[in-house]
Every structure is written in C-alpha cells, then in structure tokens.
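Everything below concerns the one structure shown next.
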Amino acid sequence: MSSVITAIITLIEQLLPAITSAGNATLIDSILQALVGMMPFIIQEVQSLAAPVKNIIAALSANPATTADQLAQLQALDTQVDAAFEAAAAQTDADGKTTPTA
C-alpha cells in the first residue's frame, strides 16, 4: 500500500504547477479529498511521506484558486501531518531505533 500512496503523492506533486487558474477550485477539492482519504495511510508512513504531503499542502494553500473552506481543510491537514510526524519522532530514541508501543 505504501508504494501506491507514494506514487499518488508523487503524481499530485507533478500536477501542482498546472493548477494555477481560479477555475481549478474543483480540482483542488478533488486533491484535498484524496489527501483526506489517504491520511490514515500517510500517518502510518509519516516519516517518508511528510515532506511531499506538506509540499502539496503548501502549494495548494498558496494557490489563488483555493477557497477559504479548502484553505481551512488544508491547515487542518497540515496540523495533522505535523502531529503525526512529532509522534513518530517521539517514538524514536537517540540511537535511531524505534521504541515499540504497547
């Protein structure tokens, strides 16, 4: 599943430069809903997917076609990715080994 999610994230990143006009609010909404749907998997793979997902969030947030509602959802997703990354980092000890959870 990880390779599928990574491929989708990569594809979205490659499409971002083409999403520039105000008429792309529907496409932005589709990308946003895809990210929301993939969040459980993204969180499982947060260390490898955090940077590309945050890049997508930043690009969509800066896009003039992004609506206020979409911007609020993007900010919530950004917070969720940050929290998941911090939780994963907290489970890793100083030696770089993952601390098992209960």
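A few comments on the model shown:
- Candidates 83, 59 - the one that is at pLDDT 90 or above, over 18 Å from residue 14 (Cβ atoms), aliphatic (A, V, I, L, M) and under 13 Å from the mean Cα position of the chain (by Cα): 83
- Enumeration of residues in the range 44-56 that are over 22 Å from residue 91 (Cβ atoms) and buried (at least 17 other Cβ atoms within 10 Å of the Cβ): 56
- Wholly within the range 1-68, helices (runs of 4 or more DSSP H) carrying at least 2 residues that are farther than 18 Å from residue 81 by Cβ: 2-15, 25-44
- Every residue from the range 30-56 that is under 17 Å from residue 10 (Cβ atoms) and among the polar types (S, T, N, Q): 30, 47, 48, 55
- Search result, residues across the range 63-81 that are in contact with a helix residue (DSSP H, G or I) (Cβ under 8 Å, 6 or more places away or on another chain) and without any contact (Cβ under 8 Å) to a residue 12 or more places away in the chain: 71
- Taken over the range 1-43, the criterion of being surrounded by fewer than 14 Cβ atoms within 10 Å (Cβ to Cβ), closer than 22 Å to residue 88 by Cα and modelled with pLDDT under 85 is satisfied by 1, 2.
The values are calculated or read from the model by the stated rules, or taken from the named source; none is laboratory data. All values reported here derive from a predicted model rather than from experimental measurement. Glycine gets a Cβ as well: all are built from the backbone with ideal geometry, and neighbour counts include every protein chain shown.
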